[in-house]
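All remarks here apply to the structure that follows.
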Amino acid sequence: MDTQAIRQIAEKIKDSTRVVVMTGAGISQESGVPTFRGADGLWKSFRAEDLATPEAFDRDPVLVWQWYDWRRGLIKPLKPNPGHYALIELEKRIEDFTLVTQNVDGLHRAAGSKNPIEMHGTIWRVRCLECGNTFENREVPIKILPKCEACGGLLRPGVVWFGEALDEKILHAIYTCLQKAQVMLIVGTSGMVQPAASFGIVAKRAGAFVAEVNRSNTPQSSLFDLSIQGKAGELLPQLVEQVGW
Ligand code: OAD
């Protein structure tokens, strides 16, 4: 256990009023949500190009919806873990706290996060391809193919797929936080998908102390001020304890 490193991050957090945390699939792993990469990752068994691109949906919306319906069924009974809850403690006490997540599972909100920036959308919203309206939808199983209540158009999952641009307002909000952050924590992401993969570097260049919490080394570990290896559900509660509020 890297107690010294945790203490160092805790000291930085104690001295800061502006903190950004970015999470990836690793924070939900201990809740039972499969990650994307690594030995048990979803992309070992499924091809992203067949399931998570606009072209895939155009080609075979039934297949794509079946996959999302399976994931929704898998995620629905799962609960946030101590890693998600530890971030609530930071949110409550840090004056200017931003949580950016790449996760679409909704577990940060379920833990009580007030306003997480869900940059890849959420699996619990759907969007109409005709009228563009978005709706919350928690039906499991979902009716395949689901249709818009307003106009009868085809609904798609409310997530960002490979090859799609991120919402500009969301990106602007994120870069504004990265520019002014004093501390950034990067939790449970492999750093393989842009633009999220560059956020740590952006924050560091702008002057933030950047620390990574991950079960393994990532290609970016050496670029940050600190990298602690271990489970988010264990390390984040220890970090909060060290801050000692
Ligand atoms: P990945 O599956 O690529 O990476 C998960 C990371 O979490 C890995 O670096 C693991 O070492 C780490 N990890 C696993 N369990 C952990 C634990 N208990 N505690 C701490 N770390 C742990 O997931 P992401 O980086 O989130 O995009 O993937 C990024 C994007 O790629 C996703 O948002 C998704 C995917 O394709 C889209 O769908 C657009």
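What follows is calculated from the coordinates using simple rules that are stated; it is not laboratory data. Because the structure is a prediction, the values reported are computed rather than measured. Cβ coordinates were reconstructed from backbone atoms using ideal geometry, including for glycine residues, and neighbour counts include every protein chain displayed.
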Open item on the list: Can you tally the net charge around Glu55? Count Lys and Arg as +1, Asp and Glu as -1, for every other residue whose Cβ sits under 13 Å from the Cβ of Glu55.
Closed with: -2
Open item on the list: What does the charge count around Gln238 come to, taking other residues whose C-beta lies under 13 Å from its C-beta (Lys +1, Arg +1, Asp -1, Glu -1)?
Closed with: -2
Task: Sites Val62 and Asn133 - FRET efficiency at Förster radius 22 Å, r taken between beta-carbons, to 0.05 - done: 0.50
Open item on the list: Using DSSP to call loops (not H, G, I, E or B), can you name the trypsin sites (Lys or Arg not before Pro) in region 5-51 whose Cβ has at most 12 other Cβ atoms within 10 angstrom?
Closed with: Arg47
TODO: Would you give the gap between the C-alpha center of region 132-172 and the C-alpha center of region 179-245, rounded to a whole Å?
DONE: 30
Open item on the list: Just to be sure I understand the curve: with the Debye formula and one point per C-alpha of the chain, what is log10 I(q)/I(0) at q = 0.13 Å⁻¹?
Closed with: -0.80
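How much space per residue, in cubic angstrom, does the convex hull of the C-alpha atoms of region 1-144 take up?
Numbers: hull volume 19.0 nm³, N = 144.
Each residue corresponds to 132 Å³ of Cα convex hull volume.
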- [ ] Enumerate cysteines in the chain without a disulfide-compatible partner, where compatibility requires another Cys Cβ under 4.7 angstrom.
- [x] Cys177
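Given a cut-off of 27 Å, name the pairs among Lys114/Lys169; Lys12/Lys79; Lys44/Lys180 whose C-alpha atoms lie farther apart than that in the structure shown.
Working: Lys114/Lys169 18 Å; Lys12/Lys79 30 Å; Lys44/Lys180 37 Å.
Among Lys114/Lys169; Lys12/Lys79; Lys44/Lys180, the Cα-Cα distance tops 27 Å for Lys12/Lys79; Lys44/Lys180.
As an exercise, identify the chymotrypsin sites (Phe, Trp or Tyr not before Pro) in region 83-179 lying in DSSP coil whose Cβ has no more than 13 other Cβ atoms within 10 Å. Don't jump to the answer; show the numbers that get you there.
Numbers: sites: Tyr85, Phe97, Trp124, Phe135, Trp161, Phe162, Tyr175; in loops: Trp161, Phe162.
Passing sites in region 83-179 are Phe162.
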- [ ] Please work out how much length the chain gains when fully extended from Gln179 to Gln4, using 0.36 nm per residue of separation minus the C-alpha to C-alpha distance, in nm with one decimal.
- [x] 60.3 nm
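Net charge near Leu178, counting Lys/Arg +1 and Asp/Glu -1 over other residues with Cβ under 13 Å of its Cβ?
On the way: positive: Arg18, Lys180, Lys204, Arg205; negative: Asp96.
Net local charge, Leu178 excluded: +3.
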